[in-house]
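In what follows, a structure is listed as structure tokens, so that the remarks can point back to it.
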Amino acid sequence: MKKALVMFLGTTLVFSGAGFGAGKLLFTPADASISSAEEHVSGEKEDHGKYEKEKEPVVINIGRVMVPVYRAKSVRYVVANMAVSVTDEKKAEFLQTEEGKTKVRNYIITTMMHLSEKTSVMNKPNIDQKELSDLVFAGIHEEFEEVNEILFLNLVQTETKRS
């Protein structure tokens, strides 16, 4: 048993030493170019991450909006939780205040009221959120240039009969 243990430990130590020595001989400082290339690649990844963080949009919850759509025999109420997407954080600071949220919400309500009167987008049986979002964005983009996208977090429509 002792001989087997000595043989096992002896071969482990001999081959570990041989592997360490061979590694020192085979991998010389000339291979430092590999490590510098690895550092360069990791530096590029860090720089790329900085650019991605700058382009990440800020989503500002505007709140709930309710717009009536008047029809001949009924009134449809479109209720939506809305948000806007802004890529520039400095320009988003104003929109994150209550005053900014209120101004954007008022412009969105006004635009949706005009859309309900002048287009058929809100008179369809099922409102297309993407189409409505694009039209509302086109309506408020002149006033709020920092807004990149209008987001409907929730959109519900209910019909009530006119009396």
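With respect to the conditions (1) open to solvent by 60 Å² or more (accessible area, probe 1.4 Å); (2) modelled with pLDDT of 90 or more, Pro125 lacks only one, and its number is (2). Ser74 satisfies every condition listed in (1) at pLDDT 85 or above; (2) of a type outside the set (Asp, Glu); (3) over 28 Å from Phe144 (Cα atoms); (4) open to solvent by 80 Å² or more (accessible area, probe 1.4 Å) except (4).
Is one or more of the residues making up the range 18-35 at pLDDT below 90, among the aliphatic types (A, V, I, L, M), in a helix (DSSP H, G or I) and open to solvent by 100 Å² or more (accessible area, probe 1.4 Å)? Within the range 18-35 (the criterion being at pLDDT below 90, among the aliphatic types (A, V, I, L, M), in a helix (DSSP H, G or I) and open to solvent by 100 Å² or more (accessible area, probe 1.4 Å)), the answer is yes, since at least one residue qualifies.
The values are calculated or read from the model by the stated rules, or taken from the named source; none is laboratory data. What you are looking at is a predicted structure, and each value in this text was computed from that prediction instead of being measured. What goes into the accessible areas is simple: the full protein's heavy atoms, side chains included, and nothing from ligands, DNA or RNA. Shrake-Rupley method; radii C 1.70, N 1.55, O 1.52, S 1.80 Å.
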